[in-house]
1. Once the Cβ-Cβ distance between A:Gln75 and B:Leu318 is put in as r, and R0 is 60 Å, what FRET efficiency do you end up with, to the nearest 0.05?
2. Quick one: which residues, 5+ away or cross-chain, put their amide H under 5 Å from the amide H of A:Tyr372? H built at 1.01 Å from N.
3. To the nearest 0.05, what FRET efficiency results for B:Ser123 and B:Arg364 with a Förster distance of 35 Å applied to their C-beta separation?
4. Compute the signed sum of charges (Lys and Arg +1, Asp and Glu -1) over the other residues within less than 13 Å, Cβ to Cβ, of A:Met266.
5. For region A:148-245, which trypsin sites (Lys or Arg not before Pro) are in a loop by DSSP, counting at most 15 other Cβ atoms within 10 Å?
6. For region B:231-386, report the % of Cα-Cα distances exceeding 25 Å.
7. Who wins for biggest fluctuation among B:Gly153, B:Gly233, B:Gly224 in a Gaussian network model of chain B, springs between alpha carbons below 10 Å?
8. Quick one: which residues, 5 or more positions from A:Asp164 or on another chain, have an amide H under 5 Å from its amide H? H modelled 1.01 Å from N in the peptide plane, none for Pro or chain starts.
Protein chains: 2
Amino acid sequence: MSTTTSETLPQSQRPPHKESKGGLEGIVAATTALSKVEGTAGQLTYCGYTIHDLVRKTLFEEIMHLLWFGHLPNQKELSGFKADLIAERSIPPMVMQVLRDLPASTEPMDALRTAVSAWGALSIKGHPSITQALAVTARFPLFLAAFHRLRRGQEPLESRPELDHAANYLYLLTGQVPKDEHVIGLNAYLVLLADHGMNASTFTARVVASTESDIVSALVAAIGALKGPLHGGAPSKVLDMLDAIGTVDNAERWLRDALARGERLMGFGHRVYKTEDPRAEELREMARVADPQGFVLARRVEELALALLHEQKPERRLYTNVEFYSAVLLASVGLVGDLFTPTFAISRVIGWAAHVLEQVDHNRLIRPEADYTGPTDLHFMPLDER
Amino acid sequence: MSTTTSETLPQSQRPPHKESKGGLEGIVAATTALSKVEGTAGQLTYCGYTIHDLVRKTLFEEIMHLLWFGHLPNQKELSGFKADLIAERSIPPMVMQVLRDLPASTEPMDALRTAVSAWGALSIKGHPSITQALAVTARFPLFLAAFHRLRRGQEPLESRPELDHAANYLYLLTGQVPKDEHVIGLNAYLVLLADHGMNASTFTARVVASTESDIVSALVAAIGALKGPLHGGAPSKVLDMLDAIGTVDNAERWLRDALARGERLMGFGHRVYKTEDPRAEELREMARVADPQGFVLARRVEELALALLHEQKPERRLYTNVEFYSAVLLASVGLVGDLFTPTFAISRVIGWAAHVLEQVDHNRLIRPEADYTGPTDLHFMPLDER
């Protein structure tokens, strides 16, 4: 038995110790055949297809099929797949009771996290599977819409089988069959946000899955990560900013004042993209169509903000990120601000699930190291001598 | 605006791309002043104190104080700290209803995950704090014991303020003031398992906290990671093995047969330790005292298993890990097998919380990269052409 520590070895014999800057930048944590993010070129593809092709021409259900089965479905596959999803559109009474018992002031992300956890406790056993992914994905909009209606004193509604995923979510929120342009806008949003490399929530889901835990444990963990404002928790702040600015004429003064106070403008900059986020480009066009009037203010604020940020720090070029037009688009289809992040989860859950399935397929426990920087060799004194 | 991708640069100009073997082995993901794990020397310290000093001489509450405040409490600090914990020993009616509504067949880890999530939805707003860490830590044993009694058709009990954390948990499970040797054994277990570097659940908690999400989202995520059998989910299988072996005389034949069938013996080997896990050494001594009779079989099985594993693969030395005597000790203090992993969570939650507080103190979003290995540049065909 050897008790030699690496510290006692000469430098040249010590094992290589890889360092990161604390955020694992540039460290490859997994291989994936799902999405490819090219930060410098500003490109995003899902399983080889650019999002610019997918966004206007596919239903969100087709993207689920693509990420889980590796190919876009044909008509017959899509019909069967939709039927499987529709068959899962139910909330067990126990989970509905949880949603009823949460106070109206509960953050929707906390309600979603708790409902998904409770549903998993009732329903999930064994290794992650596409069947499980489908069953939980089908229910994300149901949990959220039920909570949203209950917190407003309204009864939850039954899903409508003739409505697809995006349309049914809007129907469950409002009780009205949604307008076509709202369905098209929300479907495009769901398609665009479905997967994005090794972002923090997807990475969280993979770490949990790497312990051979269950798929719901991984998804509940990912919901908690998405909630953080440095990840998915901030888009409603873009709307707050636009509301505070109010008019085109007020925009420049408001933005200059905010920058002078040292405030951060919401919706600009991303760790990976060094050019415009390709999703922002598409969301801008969707927002323009969905609400031409509201778009005028948003576009003016965007242009001014980019110009002022460039004026302030010419050496650091910032671009519009996915949050800015996510907020504009989601507001234009009728969602209130605190549903923006959970609606992001309704999209991203299909990426999380795909990564969980990929992780368990060739698994290795994800277990990095820490550098200890605290005190060493302290002399212990029992309580009565302290 | 540059659209040059790193792929178009000559090899020598491409940015360095760090690779891991898929499990982030040897990658430093954080600096910490909490625990130090020395895998080759077989040493574990908390904030500079070796666990061999702490295990028999401190109360679990002292370790909480050490990990959260950075120093062991004196008598006065400990009294105040205990009073703060005792004041948090309550389950809100909404969370109790969730525990009542879960079927008896629910996995205790799923019940814990859901109860903690529901409690957080009701109780937690704002940035992680020691106050929040204390409030949630105080309730872990309450949630578990309430669920355990409810699934057996018994009513949950009220905590006893004169009992410390370990003793109160045993009381809440059984309704009996526990024997001293059981309290000592469980307290030692809780002390030994409280923190352990950048293990998968602690890392999960830090990734979630790095998005600036809330502490309960981080802890719920960590519970999901601990549940996996490659992390904390397997110790009850050690007990299953000992039960199947039954007697000392049967041990060698049983173990040889299991190895011949290619089965994995439970409780041996660890990614980090290349010698005996220092926690295993301490747990062995606690188990010897707590249940001298049961210990005889466990010890014989351990010795035989190590010898047979060595015989089978002389080049790969395996050692007893923390799971083996965790199972023996937890059984000896009266816990049933499916409470072993959630009891691990009752201990480890204080390390998770300490790491969350440390992460947010000098935060940087943890966001690694992925290597894309799937198809590229696929030609999109709309649904009616597929």
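The values are calculated or read from the model by the stated rules, or taken from the named source; none is laboratory data. What you see is a predicted model, and the numbers here were worked out from it, not measured in a lab. All Cβ positions, glycine included, derive from the backbone under ideal geometry; neighbour counts span all protein chains shown. When the accessible area is computed, the model is the full protein with side chains, heavy atoms only, and any ligands, DNA or RNA have been set aside. Shrake-Rupley method; radii C 1.70, N 1.55, O 1.52, S 1.80 Å.
1. Numbers: r = 55 Å, r/R0 = 0.91.
About 0.65, to the nearest 0.05.
2. Those lying under 5 Å, H to H, from A:Tyr372 are B:Thr32.
3. Numbers: r = 28 Å, r/R0 = 0.79.
That pair, B:Ser123 with B:Arg364, gives E of 0.80.
4. So the environment of A:Met266 carries a net charge of -3.
5. Working: sites: A:Arg149, A:Arg151, A:Arg152, A:Lys179, A:Arg206, A:Lys227, A:Lys237; in loops: A:Arg152, A:Lys179, A:Lys227.
Taking region A:148-245 and a limit of 15 other Cβ atoms within 10 Å, the loop trypsin sites (Lys or Arg not before Pro) found are A:Arg152, A:Lys179.
6. On the way: 5588 of 12090 pairs.
Above the 25 Å cut-off, region B:231-386 has 46 percent of its Cα pairs.
7. B:Gly153
8. none
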